[in-house]
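A short worksheet on the structure shown next.
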Amino acid sequence: MRKGLTMERIPVSGPWITQKEVDYVSDAVAHAWYGNANIYLERFESAFARYLDVRFAVSLPSCTSAIHLSLSALGIGPGDEVIVPDITWIASAAPITYVGATPVFADIDPKTWCLSANSLADCITPKTKALIPVDLYGNMPDMDALRELAGRHRIAVIEDAAEAIGSEFHKRKAGCFGDTGVFSFHGSKTLTTGEGGMLVTDREDLYRRALFLRDHGRPPGDKMFFNTEVAYKYKMSSMQAALGLAQLERIDELISRKRQIYAWYQSELANTKGVTLNCEPPGTKNTYWMITAIVDSNYGIEKAGLMERMSEKNIDCRPFFHPLSSLPAYKALEQAHRARSRNKVSYEISPYGINLPSGLKMTEDTVKYVCDSFKAILKS
Ligand SMILES: Cc1ncc(COP(=O)(O)O)c(C=O)c1O
């Protein structure tokens with residue numbers, strides 16, 4: 001075992017914070033009050049919109065709230081169906097329940113692990129009002145096929161780019177392919193504000209509605225505290241925005257580091273048979289939020305066992321997402337029951353996948369140690 005590496009656990013994820021972030025946050029703590037209260041929020045939102053080349057960006061306390069506001073702004077509610085991939089974090093789907101609509105869990109594509117266009121087509125009904133494709137672990141789905149189907153059936157699209165800042169499909173950035181796009185800045189993400197999120201859109205109606213809904217149902221600038229609807233309190237703080245702005249100004253560096261970490265993994269694992277890592281199909285750019293390995297079932301070890309064995313070597317991993325339709329949270333839902341028999345790919349892949357450590361502080365030596373440990377476990 002490599003000297004020194006046994007002392008500290010290797011975290012599965014984590015940010016890269018420099019003096020720039022410390023300076024911006026300190027400045028916000030000291031000065032972003034009174035007449036300057038919104039300065040960092042405005043700078044972060046406009047820089048984010050410019051980065052993505054979209055018209056509007058709305059900072060929020062989380063990506064979950066961005067999905068909730070997207071659904072609310074689109075007017076989705078009871079009696080409506082919203083399609084999500086079966087494989088994603090529950091945050092992609094939970095807001096569908098918040099607004100009283102029904103989640104429909106579609107299968108994933110075996111290569112991209114993102115929503116499959118064929119499965120989407122099978123899940124569309126006259127009740128389908130929206131679709132939430134997820135750019136899983138930084139991978140991009142076939143956006144052309146998904147958007148063609150959505151357009152043909154007049155279904156709104158909320159692109160869940162929580163895990164994919166900077167990823168691209170045919171030179172357009174993740175988050176730009178829907179009526180809204182949503183991002184997470186949780187501490188594990190490539191760009192972090194601790195906790196936080198962003199809703200982006202080119203549609204002015206959705207932008208205005210999101211601003212209204214995030215501030216207890218009153219328009220921006222209202223000085224009379226006169227609420228015309230019961231809504232939500234979903235606002236980011238200036239300190240978070242300052243941290244986000246500093247991170248955004250370093251985004252190319254953060255993404256290059258993620259891609260470098262992936263390249264190290266790829267060269268270490270290239271010759272290991274029966275191990276598949278995240279893909280980057282032609283015409284796409286993957287920012288590899290989580291380096292993910294699917295192991296062939298012939299190895300006879302599933303994700304929980306793999307995680308346990310890696311943990312013995314001081315390496316923290318995460319399980320590839322369980323199909324949402326398999327979770328106790330959705331046990332009673334008829335749609336989950338249907339998904340369990342329909343979504344063959346989700347159920348085939350999920351048991352054999354783990355996220356390997358890919359925190360932004362990873363070094364080549366650490367990646368080598370992780371890969372040596374992983375290969376040793378597979379051989380044993
Ligand atoms: C795919 C996906 N969607 C949504 C979210 C929710 O993000 P947040 O934790 O900022 O609400 C996450 C967070 O991990 C995610 O991975």
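The values are calculated or read from the model by the stated rules, or taken from the named source; none is laboratory data. Because the structure is a prediction, the values reported are computed rather than measured. When we count neighbours, we look across all protein chains shown, and the Cβ atoms used for this are built from the backbone with ideal geometry, even at glycine.
Assess whether residue 58 counts as being within 20 Å of the chain's Cα centre (by Cα) and more than 9 Å from the ligand (Cβ to nearest atom).
On the way: within 20 Å of the chain's Cα centre (by Cα): yes; more than 9 Å from the ligand (Cβ to nearest atom): yes.
It is true that residue 58 is within 20 Å of the chain's Cα centre (by Cα) and more than 9 Å from the ligand (Cβ to nearest atom).
Let me confirm something: among 13, 92, which residue is within 30 Å of residue 375 (Cβ to Cβ) and buried (at least 17 other Cβ atoms within 10 Å of the Cβ)?
Numbers: 92 fails: within 30 Å of residue 375 (Cβ to Cβ).
Testing whether each residue is within 30 Å of residue 375 (Cβ to Cβ) and buried (at least 17 other Cβ atoms within 10 Å of the Cβ) leaves just 13.
Tell me yes or no: at least one residue of the range 35-42 is within 15 Å of the ligand (Cβ to nearest atom) and either more than 21 Å from residue 157 (Cα to Cα) or at pLDDT 95 or above (or both). Break it down stepwise before answering.
At the first step, the residues of the range 35-42 found to be within 15 Å of the ligand (Cβ to nearest atom) are none.
There is no residue in the range 35-42 that is within 15 Å of the ligand (Cβ to nearest atom) and either more than 21 Å from residue 157 (Cα to Cα) or at pLDDT 95 or above (or both).
Out of all the residues in the range 125-133, is one or more at pLDDT 95 or above, farther than 19 Å from residue 337 by Cα, surrounded by fewer than 18 Cβ atoms within 10 Å (Cβ to Cβ) and of a type outside the set (S, T, N, Q)? Write out each step before concluding.
We begin by selecting, within the range 125-133, every residue at pLDDT 95 or above; these are 125-133.
With the extra rule that they be farther than 19 Å from residue 337 by Cα, the set shrinks to 126, 129-133.
Still in the list and also surrounded by fewer than 18 Cβ atoms within 10 Å (Cβ to Cβ): 126.
Checking which are of a type outside the set (S, T, N, Q) leaves us with 126.
Yes, the range 125-133 has at least one match.
Just to check your reading of the model, which residue among 130, 162 is under 22 Å from residue 256 (Cα atoms) and not basic (Lys, Arg)? Give the steps one after another, and end with the answer.
Working: 130 fails: under 22 Å from residue 256 (Cα atoms).
The unique qualifying residue is 162.
Give me a count of the residues in the range 181-221 that are polar (S, T, N, Q) and more than 13 Å from the ligand (Cβ to nearest atom).
Within the range 181-221, the subset polar (S, T, N, Q) is 184, 188, 190, 192-193, 201.
This time we only want the ones that are more than 13 Å from the ligand (Cβ to nearest atom), so: 201.
Adding up the residues that qualify gives 1.
Among the residues of the range 104-116, which ones are more than 13 Å from the ligand (Cβ to nearest atom) and surrounded by 19 or more Cβ atoms within 10 Å (Cβ to Cβ)? Walk me through how you get there before you give the answer.
Of the residues in the range 104-116, the ones more than 13 Å from the ligand (Cβ to nearest atom) are 104-107, 109-112, 116.
Matches in the range 104-116: 104, 105, 106, 107, 109, 112, 116.
Failed condition for residue 25, given (1) away from the ligand (no atom under 16 Å from the Cβ); (2) of a type in the set (A, V, I, L, M, F, W, C); (3) within 18 Å of residue 163 (Cα to Cα), with all others met?
Result: residue 25 passes all but (3).
Does the range 2-12 contain any residue that is among the hydrophobic types (A, V, I, L, M, F, W, C) and over 30 Å from residue 363 (Cβ atoms)?
Applying the first criterion (among the hydrophobic types (A, V, I, L, M, F, W, C)) to the range 2-12 yields 5, 7, 10, 12.
In the following step, the residues that additionally are over 30 Å from residue 363 (Cβ atoms) were identified as none.
No, the range 2-12 has no match at all.
Name, by its number, the condition in (1) part of a helix (DSSP H, G or I); (2) crowded, with 22+ Cβ neighbours inside 10 Å that does not hold for residue 22.
Failing condition for residue 22: (2).
Out of (1) polar (S, T, N, Q); (2) out of contact with any strand residue (DSSP E or B) (no Cβ under 6 Å at 6 or more places or on another chain); (3) touching a residue at least 24 places away in the same chain (Cβ under 8 Å), the odd one out for residue 119 is which?
Among (1) polar (S, T, N, Q); (2) out of contact with any strand residue (DSSP E or B) (no Cβ under 6 Å at 6 or more places or on another chain); (3) touching a residue at least 24 places away in the same chain (Cβ under 8 Å), the lone unmet condition for residue 119 is (2).
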